[in-house]
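The values are calculated or read from the model by the stated rules, or taken from the named source; none is laboratory data. Note that the structure is predicted; figures quoted are calculated from it, not measured. Reconstructed Cβ throughout: ideal geometry from the backbone, glycine too, with neighbour counts over all protein chains shown. These area figures cover heavy atoms from the full protein model, side chains too; ligands, DNA and RNA do not enter into them. Shrake-Rupley method; radii C 1.70, N 1.55, O 1.52, S 1.80 Å.
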Amino acid sequence: MNASMSSSLVLRDRFGRQITYLRISVTDRCNLRCVYCMPPEGVPHIGHDDVLRYEEILQVVELAARYGVREVRLTGGEPLVRTDLPELVRMIAAVPGIEDISLTTNGLLLDRLAEPLAQAGLKRINVSLDTLRPERFTKITRGGSFERTWAGILKAEALGLKPIKLNVVMMRGVNDDELADMALLTLDRDWHVRFIELMPIQNQAVWGDGLPLPEETYLPIAEMVARLEPLGLEACGHEEVGSGPAQEYRLRGARGKVGFISPVSEPFCEQCNRLRLTADGNLRPCLLHNIEVPIRDALRRGEDLLPYLQQAITLKPLAHELEQQHSPSGRCMRQIGG
Ligand code: SAM
Ligand code: SF4
């Protein structure tokens, strides 16, 4: 086994990367069907009994926290469709060592849930929002309501879940005409608008509804940056907690920030500190590799999970291979937990 467990109890992989961040998919279910995230016909759901219960997720978090994991993000599917999510947040917030709990959501249910989540100890949220145009929003999400997501964002902001981060998957011919409008949201709001390159993961079937072919929509970060230069982009580093792999900038005079996440054109694998837990109980060391270590049965047998954690970290690959056009087969983003 190559993953080293030093006396200071940290998880380090074969390439010296310390694992401090656990990304937990709490469900593979979703109330939307975004074109880039899942095939149009949908995907079968995990059976109810196969989804990890909150007590089981907690056991994994407690173990990971003992070995240096400090940051937890809840994702999915859509995490807010899982019953009583604030209870899980409360449980994780009480784990010694966990310093930061955040959530990635499509925001549809945030208007109702932001308050109990904040009371339970949630620190901040990322909301996925690819457009400011209601009709386009419905098209990209195959049925979602822009107004509901927007109301959810405002509610979260009012409750102090800051900084509000918006995740924008930028796609040529789909929403790239809104690049500047999205960036300009940061002028008078202290939000972080983060532009993400489209990853080719189980989403290459024709999107339809007047949208371009998926293979024509990839837009590299370098082009996004060049197109925003006239607005006065100033680099501002990674000074805040949870900036993750985003390269951050500020528009001239802006309160908020603009970030760029480039998994395809400039992968950030060398600094990757992440481990994922899928909703059905597999440890997944890389978003874009189909390597997984199943732990659900071991959990339910009451086994020591440390060897499984070590194995997952040992298997963490040095880099993903998207740049070589190897689209990982198997799960779509909704099933992995993006
Ligand atoms: N349902 C939640 C949401 O939409 O925020 C959480 C899960 S979603 C899979 C997590 C993030 O992955 C979202 O910000 C979404 O935009 C992003 N995502 C999904 N498919 C993607 C793809 N093919 N390329 C890039 N980002 C993707
Ligand atoms: Fe659902 Fe999020 Fe995927 Fe959209 S991106 S289909 S909201 S999991």
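Can you pull out the residues in the stretch 226-247 that are buried (at least 17 other Cβ atoms within 10 Å of the Cβ) and modelled with pLDDT of 95 or more?
L228
Cβ-Cβ under 6 Å, sequence separation 6+ or interchain: first residue in the stretch 315-338 and surrounded by fewer than 20 Cβ atoms within 10 Å (Cβ to Cβ), partner at pLDDT below 75. Which pairs?
Matching pairs, first to second residue: none at all.
Any idea which residue in the stretch 68-81 is farthest from ligand 2 (Cβ to nearest atom), counting only those that are part of a loop (DSSP other than H, G, I, E, B) and touching a Phe, Trp or Tyr at 6+ places or on another chain (Cβ under 9 Å)?
Step by step, filter the stretch 68-81, then rank; the result is R70.
Please find, within the stretch 138-188, the residue that is farthest from G42 (Cα to Cα) out of those that are free of Cβ contacts under 8 Å to residues at least 40 places away in the same chain and either touching a His at 6+ places or on another chain (Cβ under 6 Å) or acidic (D, E) (or both).
E157
With the structure loaded, tell me whether R73 is among the charged types (D, E, K, R), at pLDDT 95 or above and open to solvent by less than 60 Å² (accessible area, probe 1.4 Å) or whether it fails that test.
Yes, satisfied.
Which one is modelled with the lowest pLDDT among residues in the stretch 115-158 that are within 18 Å of the chain's Cα centre (by Cα) and farther than 16 Å from L32 by Cβ?
K123
Do you know which residues across the stretch 76-95 are among the acidic types (D, E) and either open to solvent by 10 Å² or more (accessible area, probe 1.4 Å) or over 19 Å from the mean Cα position of the chain (by Cα) (or both)?
D84, E87
Out of all the residues in the stretch 112-134, which are open to solvent by 20 Å² or more (accessible area, probe 1.4 Å) and under 29 Å from V10 (Cβ atoms)?
Within the stretch 112-134, G121, K123 qualify.
Any residue at all in the stretch 8-26 that is open to solvent by less than 30 Å² (accessible area, probe 1.4 Å), over 25 Å from P307 (Cα atoms), within 15 Å of ligand 1 (Cβ to nearest atom) and not in a strand (DSSP E or B)?
No, every residue in the stretch 8-26 fails to be open to solvent by less than 30 Å² (accessible area, probe 1.4 Å), over 25 Å from P307 (Cα atoms), within 15 Å of ligand 1 (Cβ to nearest atom) and not in a strand (DSSP E or B).
Say we look at the stretch 250-273 and pick out the residues that are assigned to a strand (DSSP E or B) and surrounded by fewer than 22 Cβ atoms within 10 Å (Cβ to Cβ); which of these is nearest to the chain's Cα centre (by Cα)?
The qualifying residue nearest to the chain's Cα centre (by Cα) is I261.
In the stretch 28-50, is there at least one residue being within 16 Å of ligand 1 (Cβ to nearest atom), more than 17 Å from L283 (Cβ to Cβ) and either of a type in the set (S, T, N, Q) or assigned to a strand (DSSP E or B) (or both)?
Yes, some residue in the stretch 28-50 is within 16 Å of ligand 1 (Cβ to nearest atom), more than 17 Å from L283 (Cβ to Cβ) and either of a type in the set (S, T, N, Q) or assigned to a strand (DSSP E or B) (or both).
Which of the residues belonging to the stretch 96-111 are open to solvent by less than 10 Å² (accessible area, probe 1.4 Å) and either more than 27 Å from C37 (Cα to Cα) or more than 16 Å from the chain's Cα centre (by Cα) (or both)?
Answer for the stretch 96-111, where residues must be open to solvent by less than 10 Å² (accessible area, probe 1.4 Å) and either more than 27 Å from C37 (Cα to Cα) or more than 16 Å from the chain's Cα centre (by Cα) (or both): just L110.
For the stretch 189-220, what are the residues that are of a type in the set (D, E) and free of Cβ contacts under 8 Å to residues at least 40 places away in the same chain?
E215, the sole residue that qualifies.
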